[in-house]
Amino acid sequence: MADARATILESLRAGGGGEPVPLPSTEVLAARAWPPAERVARLRRGMEAVHTEFLEAVPGQWPSVVLGFCRDQGFPNLLYGPASSAGKALASAWTPRDPELIPYREPVETFKAALFEDVAAGFTTALAGVAETGGLLLEPGPEEPRLLSLVPPVHIALLLASTIEDTLWSAVRHRGWGRGAARNSLLISGPSKTADIEQTLAYGVHGPRRLVVVLVDNL
Amino acid sequence: MHAETGFRESAAQALGDPQIRANFRRAMDGLMAKRAAQFPDPADLQALRSLGTAIRARSLLKLPELLEQLEASCLRNGIQVHWARTCEEGNELILGLLRARGATRLVKGKSMVSEEMGLNHFLEEHGVEALESDLGEYIIQLDQETPSHIIMPAIHKNKTQIARQFSQKIKDAKYTEDVDELTALARKVLRRKFLEADAGLSGVNFAVADTGTLCLVENEGNGRMSTHVPALHIAVMGLEKVVETLEDVAPLYALLTRSATGQAVSTYLNLVRGPRGPGELDGPREVHLVILDNGRSRIYADPQLRATLRCIRCGACMNHCPVYTRVGGHAYQAVYPGPIGKILTPQMEGVGVRHELLHGSSLCGACSEVCPVEIPIPEIIVRLRREATHRDPGSSVEGRGTGRTATEDLAWRVWAAVLSRPGAYRFAAWCATRFRNLIPGGLPLLKAWTLARGKPVPARRSLQERVREEGIPHG
Ligand code: SF4
C-alpha cells in the first residue's frame, strides 16, 4: 500500500525532531574479555546450565567421537550436510556397519516427511561460540541447511575452542557475525525449552530435546 | 472488545479469585528473583541500561530514515515490505498475501502485534486456520482466551487446569499433570501442524536497518519452525521496532532476556535476512514484512510520550507491578496489560475510553525502576491522567478531555466557584465544620473512597477560626 507508506512516513516526519542523542558508550561491553582458556570454561558453564551436553575431542579425532556417541546412543541414523568440510570429514570416518549417515541433499519439499519422522539426529558445524553467556553461532546455508539444527530430536554441533568469542557484541563487531551474506544466522544456547506450564522447565517442546557440543581443543 | 468500565470490575473480580492470585503471585515472585540474580552488579546494570536507552532513543530520533533504510535493505535481501496504517489494513494485507498463494493453514510464532490486530479471529472468519504454536499461546488458544502476560501468555493457568484442558480438547490425550508429558503432547500435535502448514507468521523483536535483518528471540523453536518450514513467512512488527545496526542488537538482547525471564541468553536468537537463497535446500520461498502504525506515529509526535515507543516488550514492568501481580493480566481487558499497557493502550485507543486503566496504578515507580530502557512510566501515567480530563491545545493525544465525567466536572466547578469567592469559602468551611458528621458517605465521589475506608471527617473548627480564636497574629 503505497498510500499507507507515504502517510506513515509523512506523519513521522511531521512529528519528528528532538535533541540529538549522544552516541552511547559501549565500554561496558568491551570490558567483557577473557583469555582463551577462560572463554572455553565460561561457554561450557553457561551452556551446561541450560542442559547442553559436551563431548571432548582433540583435533583430527572428532569424527570418531561423533561416531562413538551415535553408536553408544543407538541412533539409527545421523543427518548431515555432505558439502561442508566437516561433513566430508565425518563421512570419511563412517563405515557401512555404522548408523546410517543421511546426506541432506534434497530440497525440503521432497524430504519433509522423512526429515520430521525418521531422522534421529542432525549434525552441523558451529561458526563460533560466545563465552559470556554460553552459545553457538551458526550460519545455516546451502552446505548445512536451516532445518538440520532444528527438526531432528538431537542436535550435534562441532565447535573449535579457538573460535570462541568473548561476547555476542564482539562476535558481531569483530567477526561480522550476522552481517555477511548468510540468509539465516543463529545463536543457540541449549536444547529447545519452555516454562509455559506453571514455570516448570521442560525440554524439547518443538526443536531438539538434546544439544550435544563436540568441543575440539585446538587452543 | 474493550468495555468502557472494564478494569474496575474485572480487577475486583480477580481480587476475589484466590486461584488467580496464587498463580500470579507464585509466578511473579519467581520472575523477580530470577531477574535480580541476573543483575548482581548495579553499576554494570546501569551502564547497560544507559546504553540500551540511548540506542532506543537514537533509533526513534531517526525513525523515518531508519524505516526507509530498513525497507531498502530488506528489498535488497529479497524481503518484501508492506505498510499498514491500521489493524484493519494490516489484516487485509496478510489475508491478501495468504489468498494469493492459496494458503489456508497458518502456523504462528508469538507476536503481540498480531494480538493487537486481532489477526487470528479475522483470518478464521475468512477461512484461514491460524494456529498459535508457542506453547503458552497454544494453551490459551485452546480455551479461546487472550494472553495475560506479554512474555508468558498462559501464566494465569496452573498445571491442573492445563491438564484438564488438554485431556478434553486434544484428541486421544490421556489425563496427566506431568509437565514433560503435557509438553510432549503439545509437541506431537504441533509438529504435524508445522509439517503441513502453508505459511508461517512471526513477530519481530528488532529489525536492523542497515542489514535488513529481522531478529527473533525465543526459547521453544516454534518461531524457527514457523519461519523456516513453510514456503511463506510473514513477519509483523510495530514501526518502532527498528534499530540502526546489528551491533545495537547485542545489548538490547542482553537486557531483554535478563529482564524478561531472568535468562542470560535465550535458547535461540534467530536472524532472518531473506528467503531461501540460491543453492539452499530449505527455508521459505518468500519472506514478507508488514510494518504497522496503529497510532504509533501519533505517539511519536509528542516528545514526552515518545518514550513509550522505546519499549522492548520484556514484561519486567508487569512482573514488578503491585497492581498487576494481584489482579493479573486479564483484568486490564487490553492486549498489553500491566504498566506498559496502562500507557500504551490509552494512547492507542484513546484516553477517554481507557482512562480507567490509568488509575490502576499506585505510582510506586517499581515499573520504571526495572525498565531496561528507562521509560518513565509513572510520569507518563500522570501526564495521561491529565490528558484524559483536559483538552489542552497542542496535545495530540487521542480522545483527550473525553474522560471527564459530568459529576467530576460539576465538582470541580463548585470547588472553583467556592475557592474564588471569600464569602462562599467561609460559608462552606462553616458548614463543613458544623455538619461534619452529617455528610453522607454515599455521596458521589465520596462513595468510591468510603467503600474500603472510613469517611473523612472535617475538623471541628477551620484553621482560620482557630487562628482567630487563639489570637495568633497573621497577615
Ligand atoms: S516498558 Fe520497559 S519494563 Fe515494561 S515491557 Fe517495555 S521495556 Fe519492559
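The values are calculated or read from the model by the stated rules, or taken from the named source; none is laboratory data. As the structure is a prediction and not an experimental result, all values here were calculated from the model. Backbone-built Cβ (ideal geometry, glycine too); neighbour counts: all protein chains shown. Side chains included, ligands, DNA and RNA excluded: accessible areas come from the protein's heavy atoms. Shrake-Rupley method; radii C 1.70, N 1.55, O 1.52, S 1.80 Å.
How about region B:360-405: which of its residues are among the acidic types (Asp, Glu) and within 16 Å of the ligand (Cβ to nearest atom)?
Correct list: B:Glu369, B:Glu374, B:Glu379.
When B:Val351 is evaluated against the numbered criteria (1) open to solvent by 10 Å² or more (accessible area, probe 1.4 Å); (2) not assigned by TED's automatic domain parsing to the domain that holds B:Leu214, which criterion, by number, is the only one it fails?
(1)
Can B:Leu45 be described as surrounded by 16 or more Cβ atoms within 10 Å (Cβ to Cβ), in contact with a Phe, Trp or Tyr (Cβ under 9 Å, 6 or more places away or on another chain), outside the structural domain of B:Ile140 (by TED's automatic domain parsing) and without any contact (Cβ under 8 Å) to a residue 40 or more places away in the chain?
yes
Please work out which one of (1) of a type in the set (Asp, Glu); (2) open to solvent by less than 50 Å² (accessible area, probe 1.4 Å); (3) within 30 Å of B:Ala57 (Cα to Cα) is the condition A:Glu27 fails and give its number.
A:Glu27 satisfies all of (1) of a type in the set (Asp, Glu); (2) open to solvent by less than 50 Å² (accessible area, probe 1.4 Å); (3) within 30 Å of B:Ala57 (Cα to Cα) except (2).
Please go through region A:200-219 and give me each residue that is open to solvent by less than 50 Å² (accessible area, probe 1.4 Å) and without any contact (Cβ under 8 Å) to a residue 60 or more places away in the chain, ordered by number.
Within region A:200-219, A:Ala202, A:Gly204, A:Val205, A:His206, A:Gly207 meet the criteria.
Please enumerate the residues belonging to region A:130-169 that are in a helix (DSSP H, G or I) and either open to solvent by 10 Å² or more (accessible area, probe 1.4 Å) or among the acidic types (Asp, Glu) (or both).
Listed by number, the residues that qualify are A:Ser162, A:Thr163, A:Leu168, A:Trp169.
Of the residues B:Leu131, B:Leu123, only one is open to solvent by less than 10 Å² (accessible area, probe 1.4 Å) and either under 20 Å from B:Glu145 (Cα atoms) or hydroxyl-bearing (Ser, Thr, Tyr) (or both); which?
After ruling out the rest, the residue left standing is B:Leu123.
Being in contact with a Phe, Trp or Tyr (Cβ under 9 Å, 6 or more places away or on another chain), crowded, with 18+ Cβ neighbours inside 10 Å, modelled with pLDDT of 95 or more and in a helix (DSSP H, G or I) narrows it down to one of B:Leu98, B:Leu93, B:Leu70, B:Leu66, so name that one. Talk me through it step by step, then tell me what you get.
Values: B:Leu98 fails: in contact with a Phe, Trp or Tyr (Cβ under 9 Å, 6 or more places away or on another chain); B:Leu70 fails: in contact with a Phe, Trp or Tyr (Cβ under 9 Å, 6 or more places away or on another chain); B:Leu66 fails: in contact with a Phe, Trp or Tyr (Cβ under 9 Å, 6 or more places away or on another chain).
Only one candidate qualifies: B:Leu93.
Take B:Val272 and tell me if it is more than 10 Å from chain A (Cβ to nearest Cβ) and in contact with a Leu (Cβ under 6 Å, 6 or more places away or on another chain).
No: the conditions fail for B:Val272.
Could we say that B:Leu309 is without any contact (Cβ under 8 Å) to a residue 24 or more places away in the chain, touching an Asp or Glu at 6+ places or on another chain (Cβ under 8 Å) and of a type outside the set (Val, Ile, Thr) here?
Spelling it out, it is not the case that B:Leu309 is without any contact (Cβ under 8 Å) to a residue 24 or more places away in the chain, touching an Asp or Glu at 6+ places or on another chain (Cβ under 8 Å) and of a type outside the set (Val, Ile, Thr).
What pairs can you find where one residue is in region B:338-352 and at positive phi, the other is hydrophobic (A, V, I, L, M, F, W, C) and within 13 Å of the ligand (Cβ to nearest atom), and their Cβ atoms are less than 6 Å apart, with a gap of 6+ or different chains?
B:Gly338/B:Cys317; B:Gly338/B:Met318; B:Gly338/B:Cys321
Examine region B:240-262 for a residue that is of a type in the set (A, V, I, L, M), in contact (Cβ under 8 Å) with a residue 60 or more places away in the chain, part of a strand (DSSP E or B) and open to solvent by less than 10 Å² (accessible area, probe 1.4 Å), and state whether such a residue exists. Step through it out loud before you land on a result.
Step one: list which residues in region B:240-262 are of a type in the set (A, V, I, L, M), which gives B:242-243, B:246, B:249-250, B:252, B:254-256, B:260.
If we keep only those that are in contact (Cβ under 8 Å) with a residue 60 or more places away in the chain as well, we get B:242-243, B:252, B:254-256, B:260.
After this cut, where a residue has to be part of a strand (DSSP E or B) as well, the list is B:242-243.
Among the residues that remain, those that are also open to solvent by less than 10 Å² (accessible area, probe 1.4 Å) are: B:242-243.
Checking region B:240-262: at least one residue is of a type in the set (A, V, I, L, M), in contact (Cβ under 8 Å) with a residue 60 or more places away in the chain, part of a strand (DSSP E or B) and open to solvent by less than 10 Å² (accessible area, probe 1.4 Å).
Quick one: how many residues across region B:1-60 are more than 11 Å from chain A (Cβ to nearest Cβ) and touching an Asp or Glu at 6+ places or on another chain (Cβ under 9 Å)?
Result for region B:1-60: 7.
Please list, ordered by first then second residue, the pairs with beta carbon atoms under 9 Å, 6 or more apart or interchain, first in region B:62-77 and within 10 Å of chain A (Cβ to nearest Cβ), second modelled with pLDDT under 95 and open to solvent by 10 Å² or more (accessible area, probe 1.4 Å).
Qualifying pairs under 9 Å: B:Lys62/A:Gly16; B:Leu63/A:Gly16; B:Pro64/A:Gly16.
Scan B:Ala163, B:Ala154 and give me the residue that is assigned by TED's automatic domain parsing to the domain that holds B:Asn219 and farther than 23 Å from B:Met225 by Cβ.
Of the residues listed, the single one that is assigned by TED's automatic domain parsing to the domain that holds B:Asn219 and farther than 23 Å from B:Met225 by Cβ is B:Ala163.
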